[in-house]
Amino acid sequence: MLIKQMTVGMMGVCCYIVACEKTKQGVIIDPGGNEEDILSACKAENIKVKYIVNTHGHPDHVCGNGKLKEATGADIVMHAADADFFGQDRVEQFFSQLGLPPSPPVDKRVEDGDKITFGNESLEVILTPGHTPGGICLYAPPNLFTGDTLFAGGVGRTDFPGGNTQQLMTSIKERLLPLPPETIVWPGHGYGGEHSTIAQEKTGNPFLTGGW
């Protein structure tokens, strides 16, 4: 599996190009800006983009969806709960204050346990609500793309509409920490580092060490 991490956009989102090395079919996870750079990186590796996958619906993670869909013809993928939540007028109005372009309508809604397949590879959808109602992580052992659920040394904020601190911590405790300790954590922002492991987060993340 080919993995390329890129920091993009005004909010420093970690965008990922993930592809099957044999077939060169791939996905783009969380295109938060710098669309031309993302497309150039795909072209350099001769990657045909099948899906644009959003770990959640916040504008800093979806603002590149439109340009990339237009350029590649790829389907936009999001969990059904976030597709519904961020489609509400009041939610759209709140997040429009960030001044980022909205995503086109979602083409493919996924649920917990679904597989997103590209070439000979796939990503398993793990529902981890809390940062948003339909936040997801994407798992292809030993790699875990955690969006804004879990960072290296941190966790996602919950003060935006749709956030819930208790739900977020339960998601991390019950869905992520039981994964193998060597699992590589690829976060949605590089606040505490560009990557980590489940083992490192269990022992060193200050949000998780108290009583966990």
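The values are calculated or read from the model by the stated rules, or taken from the named source; none is laboratory data. The structure displayed is predicted, hence computed values, not measured ones. Note: ideal-geometry Cβ built from the backbone for every residue, glycine included; neighbour counts use all protein chains shown.
How about the range 116-133: which of its residues are within 22 Å of residue 93 (Cα to Cα) and touching a residue at least 60 places away in the same chain (Cβ under 8 Å)? Lay out the reasoning, then the answer.
Restricting attention to the range 116-133, the residues satisfying the condition of being within 22 Å of residue 93 (Cα to Cα) are 129-133.
Within the range 116-133, 131, 132 qualify.
Of everything in the range 91-130, what is farther than 21 Å from residue 11 by Cβ, surrounded by 15 or more Cβ atoms within 10 Å (Cβ to Cβ) and polar (S, T, N, Q)? Give them in sequence order.
122
Quick check on my filter: what residues within the range 161-200 are in a helix (DSSP H, G or I) and not polar (S, T, N, Q)? Walk me through it before giving the result.
Let us first name the residues in the range 161-200 that are in a helix (DSSP H, G or I), namely 165-176, 198-200.
Answer for the range 161-200, where residues must be in a helix (DSSP H, G or I) and not polar (S, T, N, Q): 168, 169, 172, 173, 174, 175, 176, 198, 199.
In the range 32-57, which residue that is touching a Lys or Arg at 6+ places or on another chain (Cβ under 8 Å) and within 20 Å of residue 106 (Cα to Cα) is surrounded by the fewest Cβ atoms within 10 Å (Cβ to Cβ)?
That would be 48.
Report, by residue number, each residue of the range 154-175 that is out of contact with any helix residue (DSSP H, G or I) (no Cβ under 7 Å at 6 or more places or on another chain) and of a type in the set (A, V, I, L, M, F, W, C). Can you show your working first?
First, pick out the residues of the range 154-175 that are out of contact with any helix residue (DSSP H, G or I) (no Cβ under 7 Å at 6 or more places or on another chain): 154, 157, 159-160, 163-175.
Within the range 154-175, 160, 168, 169, 172 qualify.
May I ask you to say which residue of 158, 209, 117 is under 24 Å from residue 82 (Cα atoms) and either part of a strand (DSSP E or B) or at pLDDT below 95 (or both)? It would help to see each step written out before you state the result.
Numbers: 158 fails: either part of a strand (DSSP E or B) or at pLDDT below 95 (or both); 209 fails: under 24 Å from residue 82 (Cα atoms).
Among 158, 209, 117, only 117 is under 24 Å from residue 82 (Cα atoms) and either part of a strand (DSSP E or B) or at pLDDT below 95 (or both).
Cβ-Cβ under 7 Å, sequence separation 6+ or interchain: first residue in the range 29-46 and free of Cβ contacts under 8 Å to residues at least 60 places away in the same chain, partner among the polar types (S, T, N, Q) and not in a helix (DSSP H, G or I). Which pairs?
none
Yes or no: residue 113 without any contact (Cβ under 8 Å) to a residue 60 or more places away in the chain and on the phi > 0 side of the Ramachandran plot? Outline the logic, then answer.
Working: without any contact (Cβ under 8 Å) to a residue 60 or more places away in the chain: yes; on the phi > 0 side of the Ramachandran plot: yes.
Spelling it out, residue 113 is indeed without any contact (Cβ under 8 Å) to a residue 60 or more places away in the chain and on the phi > 0 side of the Ramachandran plot.
Could you tell me which residue of the range 185-204 is farthest from the chain's Cα centre (by Cα), considering only residues that are among the hydrophobic types (A, V, I, L, M, F, W, C) and crowded, with 16+ Cβ neighbours inside 10 Å?
Taking the range 185-204 first, the residues among the hydrophobic types (A, V, I, L, M, F, W, C) are 185-186, 198-199.
From what is left, the residues that are crowded, with 16+ Cβ neighbours inside 10 Å are 185-186, 198.
Numbers: 185: 11, 186: 9, 198: 17 Å.
Per the criteria, the residue is 198.
Which residue pairs have Cβ atoms under 7 Å apart, sit 6 or more places apart or on different chains, and have a first residue in the range 81-110 that is part of a helix (DSSP H, G or I) and a second that is among the basic types (Lys, Arg)?
83/109
Search the range 166-184 for residues being surrounded by 15 or more Cβ atoms within 10 Å (Cβ to Cβ) and hydroxyl-bearing (Ser, Thr, Tyr), and hand back the single one that is farthest from residue 85 (Cα to Cα).
Ranking the candidates gives 183 first.
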